[in-house]
Amino acid sequence: MSIFSRMADIINANLNSLLDKAEDPEKMVRLIIQEMEDELVRERSSLARMLAEKKDLQRQIECHRERVEEWQGKAELALTKQREDLARAALLEKKKQSELLTALEQECGLVEESMAKLTDAISRLEAKLGDARARQQAMQLRQQSAQSRINVQERVRRSENSEAIDKFNRMERKIDELEARADLYSQSKGLEQEFAELEVDDTISKELERLKAKMNNTKEQ
């Protein structure tokens, strides 16, 4: 698989499908970003190797150009010396060097074309990576906001529960007070009743004594 195919697989990955299957979306996003970062490192390394290859080809091209000019000069020199055989041999070497030079220039052109494509692919991957990082940050902020709301609701719920318990406690205290007042009232009323009964009994006793005395006086007469 070519480097461009690998990059296309990452850039065109269905993130939504991966997130739906992930138990921890935030963790899955981190893994995707890590894979994109690793791929970016690999492609930058490939670009660096291509650049080194291009420089080597350019050195070879320059060397063969010099060799072409050198054999051209030798052919001209041979002709001035009436050595057509040497001139012919020099031109043959020049032709070989020219063919090598053409091949090297073509190869260098292909490397430059590949470098241009790879540079463009790296730029697109960097843009995708930047977007992914921004979305990751947005997800983290959303998660923090949601968690904060949950914490607030839990605190409110605990506060409401505590307030309800306080209300129950106050109601129990009021009931206790009412019961105590009822007990006191009951005790007070019973004591008064006993004294009232004593007073009635004392009155009846006195009345009984007067009646007895009266009857005794009547018998004596």
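For the reader, a short list of remarks on this structure follows.
- Just one of the numbered conditions (1) open to solvent by less than 60 Å² (accessible area, probe 1.4 Å); (2) within 15 Å of LEU129 (Cα to Cα); (3) at pLDDT 55 or above is not true of PRO25: (2).
- Matching residues, segment 89-106, being open to solvent by 40 Å² or more (accessible area, probe 1.4 Å) and either under 30 Å from ASP120 (Cβ atoms) or of a type in the set (Asp, Glu) (or both): GLU93, GLU99, THR102, ALA103, GLU105, GLN106
- Residues (open to solvent by 40 Å² or more (accessible area, probe 1.4 Å) and not small (Gly, Ala, Ser)) located in segment 114-135: LYS117, THR119, ASP120, ARG124, GLU126, LYS128, ASP131, ARG133, ARG135
- Filter result for GLN136 (modelled with pLDDT under 80, touching a helix residue (DSSP H, G or I) at 6+ places or on another chain (Cβ under 8 Å) and farther than 30 Å from GLY73 by Cβ): no
- If you go through segment 57-88 and keep only what is open to solvent by less than 80 Å² (accessible area, probe 1.4 Å) and free of Cβ contacts under 8 Å to residues at least 12 places away in the same chain, you end up with CYS63, GLU70, GLY73.
- Criterion: under 15 Å from the mean Cα position of the chain (by Cα) and without any contact (Cβ under 8 Å) to a residue 24 or more places away in the chain - qualifying residue of GLN147, GLN136, GLN143, GLN153: GLN147
- Residue in segment 115-124 that is of a type in the set (Gly, Ala, Ser) and under 30 Å from MET28 (Cα atoms) present: yes
The values are calculated or read from the model by the stated rules, or taken from the named source; none is laboratory data. Bear in mind the structure is a predicted one, so any value in this text is a computation, not a measurement. Glycine also receives a Cβ, built like all others from the backbone with ideal geometry; neighbour counts cover every protein chain displayed. Please note that ligands, DNA and RNA were not included when accessible areas were found on the heavy atoms of the full protein model with its side chains. Shrake-Rupley method; radii C 1.70, N 1.55, O 1.52, S 1.80 Å.
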